[in-house]
1. Among the residues of segment 54-112, count how many are small (Gly, Ala, Ser) and under 17 Å from Leu6 (Cβ atoms).
2. Consider Ala105 carefully, then state whether it is open to solvent by less than 50 Å² (accessible area, probe 1.4 Å), assigned to a strand (DSSP E or B) and of a type in the set (Gly, Ala, Ser).
3. Look at segment 11-28 and say how many of its residues are out of contact with any helix residue (DSSP H, G or I) (no Cβ under 7 Å at 6 or more places or on another chain), more than 11 Å from Leu42 (Cα to Cα) and buried (at least 17 other Cβ atoms within 10 Å of the Cβ).
4. So, in segment 39-51, how many residues would count as being open to solvent by less than 20 Å² (accessible area, probe 1.4 Å) and either on the phi > 0 side of the Ramachandran plot or without any contact (Cβ under 8 Å) to a residue 40 or more places away in the chain (or both)?
5. Here are Tyr73, Tyr54: which of them is open to solvent by less than 20 Å² (accessible area, probe 1.4 Å) and among the aromatic types (Phe, Trp, Tyr)?
6. Would you mind listing the strands (runs of 3 or more DSSP E) fully within segment 8-92 where at least 1 residues are over 11 Å from the mean Cα position of the chain (by Cα) and of a type in the set (Asp, Glu)?
7. With respect to the numbered conditions (1) open to solvent by less than 40 Å² (accessible area, probe 1.4 Å); (2) within 20 Å of His72 (Cβ to Cβ), which one is the sole condition not fulfilled by Val36?
Amino acid sequence: MEYMPLTKSMNRVGGVPLGEKYTALLFDKVESAGSVQYAFLLVVFDNAKQEAVYFVASEVNQMVAAFGGGSHYLGVFTDAGHANLGSSDDWGDPRKFFPEALRMAAERFGVPFEAGPVRPAMMS
């Protein structure tokens, strides 16, 4: 992928198979390398290629005090680039962000989704 979140480090909090071809990994404690700060990331890896092919990001809204809106943006990174899907305080809560990010990834890759794979340990 040409365009993806710029990070220095992050903490893996979980992972689940996403069908037979992909794996979804969940991260928190993201240290950004650029101007955009990330609270959480879901990264989808292509198992055969061993590379990232899709990201869902909880992006900190650094202008919330000046312009309002939610505390975090929901962003996606694909081969086509980055898309901002709107702001909400929900995207700053791992118990709300990770299930939605997994649902989005499952939908994108045509995999049936069940909320069950997200265990509380992954969202602390």
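1. 5
2. Criteria not met by Ala105.
3. Counting residues in segment 11-28 that are out of contact with any helix residue (DSSP H, G or I) (no Cβ under 7 Å at 6 or more places or on another chain), more than 11 Å from Leu42 (Cα to Cα) and buried (at least 17 other Cβ atoms within 10 Å of the Cβ) gives 1.
4. Of the residues in that region, 2 qualify.
5. Every option except Tyr54 fails the conditions.
6. Ranges flagged: 22-32, 38-46, 51-60.
7. (1)
The values are calculated or read from the model by the stated rules, or taken from the named source; none is laboratory data. Computed from a predicted model, the values in this text were never measured in an experiment. When we count neighbours, we look across all protein chains shown, and the Cβ atoms used for this are built from the backbone with ideal geometry, even at glycine. These accessible areas exclude ligands, DNA and RNA; they are computed on the full protein's heavy atoms, side chains included. Shrake-Rupley method; radii C 1.70, N 1.55, O 1.52, S 1.80 Å.
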